[in-house]
Amino acid sequence: GLANLIARFRPGEVSDKQREAQYSFTPNDIRRAIINRELVLHHQPKVTTHSGVMRGVEALVRWQHPELGLVPPSNFIPMAEEAGIIDELTDWVLETALKQLRDWHARGLTISVAVNLSAKSLSTPDLADRIAAVTSRIGIEPKYLLLEITETAVMSDLALSLGTLARLRLKGFGLGIDDFGTGFSSMQQLSRIPFTELKIDRSLVHGASEKPHLHVMLQSTIEMGKKLHLTTVAEGVENPSDWQLIRLLGCDVAQGFYVSKPVPGDALAGWLKQGTQH
Ligand code: C2E
Ligand code: CA
Ligand code: CA
Ligand code: CA
């Protein structure tokens, strides 16, 4: 119950980035959450900087906890990874995101959906086959599903993840490198992995219009993405200055609170009326 949860409340280890409380859930809490259908997906639009058209969304998991309310992923994903149940969670996210996508497609919104993969999953030998199986079962073409993997996850064991990533790409899925700019990968390393999208971390994007050193790093990152023929995506676009700068620097796609916060699937109905151009 709630008292028990409060007793397990750990005020420490709260990063600046997430001021939310940290709860120590057990693996069984998370398993039950999946079984009891307490997980929900919110979707954040990714729009072209050129015309503001939504090309896709990123699916982000939350836990609709009966007592605690909406628990952010940072409070339970690391535990799911440690406890070895991240694959169950990923399967739920994939299935739910793809069904939502099928519904949008049926209503004429021909967008793509991005799902986050944990570093741990990349070493699972059958990951690419599992993703291909669920995608075909739900009836979605692989080009509409993009898998996002963080820069640090990929680079921590490149040899191990390269096989899975190559198989996913060969099957026609999109591959995004997430939180780019927080690690130290070189252009040469990047060019060895069949990515289709470069997602530039918020720490390089937000505030770059006022800070010259960020401006330079953002500019060279966008240039590198273009040289590698990747779709460049700026994360954490929070205000008009961020938006104007990434447009000026030729970044292809924007994602951030300035465009929209992550919202439940139904809330994207407004975008439906607007339609998409292809
Ligand atoms: P991420 O993949 O980098 O996702 C973007 C995060 O930035 C989201 O936080 C989003 O709400 C937040 N964000 C978006 N625009 C802005 C902005 O303009 N300003 C600021 N300050 N933040 C913005 P969220 O939803 O709390 O997710 C946090 C992280 O949890 C994600 O970071 C991702 O690494 C992980 N995550 C979320 N869903 C899943 C999932 O289904 N599976 C796995 N393995 N990880 C997930
Ligand atoms: Ca992501
Ligand atoms: Ca990110
Ligand atoms: Ca992140």
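Only the coordinates and a few stated rules stand behind these numbers; no lab work does. This is a predicted model, so every value here is computed, not measured. FYI the Cβ positions are ideal-geometry reconstructions off the backbone, even for glycines, and counts take in every protein chain you see.
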PRE zone check, label point 7 Å out along Cα-to-Cβ of S156, amide N under 18 Å, scope segment 101-126, hits 116-125
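In the neighborhood of D178, defined by Cβ-to-Cβ distances under 13 Å, what is the net charge if each Lys or Arg adds +1 and each Asp or Glu adds -1?
Values: positive: K46, K199, R202; negative: E58, E148, E151, D179, E197, D201, E235.
That works out to -4.
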Taking Cα pairs under 8 Å and at least six residues apart, what relative contact order does the chain come out at, in percent? 17
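Give the order of T232, T182 when sorted by the count of other beta carbons within 10 angstrom, beginning with the fewest. Walk me through the numbers before you get to the answer.
Numbers: T232 24, T182 14.
Listing T232, T182 from fewest to most nearby Cβ atoms yields T182, T232.
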In a shell of Cβ-Cβ distance under 11 Å around T90, excluding T90 itself, what net charge do Lys and Arg (+1) and Asp and Glu (-1) give? -3
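Round to the nearest 0.05 the FRET efficiency obtained for R107 and S74 when R0 = 30 Å and r is the Cβ-Cβ distance. Don't skip to the end; give the middle numbers.
Details: r = 32 Å, r/R0 = 1.07.
So the FRET efficiency works out to roughly 0.40.
Between H215 and E82, take the C-beta separation as r, use R0 = 45 Å, and let me know the FRET efficiency to the nearest 0.05. Before the final figure, lay out the partial values.
Values: r = 38 Å, r/R0 = 0.85.
According to the calculation, E is roughly 0.75.
Would you please calculate the Kirkwood hydrodynamic radius of segment 112-170 over all C-alpha pairs and express it in Å, rounded to one decimal?
11.8
Highest mean first, what order results for 245-255, 137-147 on Cβ atoms within 10 Å? Kindly include the intermediate steps, with their values, before the conclusion.
Working: 245-255: 20.5, 137-147: 17.4.
Sorting 245-255, 137-147 by mean packing, highest first, produces 245-255, 137-147.
Nearest 0.05, what FRET efficiency do N28 and I138 give at R0 = 30 Å with Cβ-Cβ as r? Please list the in-between numbers first.
Working: r = 28 Å, r/R0 = 0.95.
E between N28 and I138, to the nearest 0.05, is 0.60.
For a quick check: sort L89, L117 by the number of other beta carbons within 10 angstrom, fewest at the front.
The order, fewest Cβ neighbours first, is L89, L117.
For I193, I200, what's the fewest-to-most ordering of other Cβ within 10 Å of each Cβ? Working shown, then result.
Working: I193 19, I200 27.
Neighbour counts put them in this order, fewest first: I193, I200.
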Inter-site label distance for V40 and R130 at 7 Å from Cα along Cβ, in nm: 2.6
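How large is the Kirkwood hydrodynamic radius of the chain, counting all unique pairs of alpha carbons, in Å?
Numbers: mean 1/r = 0.0511 Å⁻¹.
With all distinct Cα pairs of the chain included, I get 19.6 Å.
Assigning unit charges at the beta carbon (Lys, Arg +1; Asp, Glu -1) and nothing else, what dipole magnitude in debye, to the nearest 20, does segment 113-188 show about its Cα centre?
Numbers: 7 positive and 8 negative charges, 63 e Å.
So the dipole magnitude of segment 113-188 works out to roughly 300 debye.
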Cα centroid separation - segment 55-103 against segment 219-272, whole Å: 22
Work out the count of Lys pairs in segment 85-233 where the Cα-Cα distance is under 19 Å, with the pair 8 or more places apart or on different chains. 5
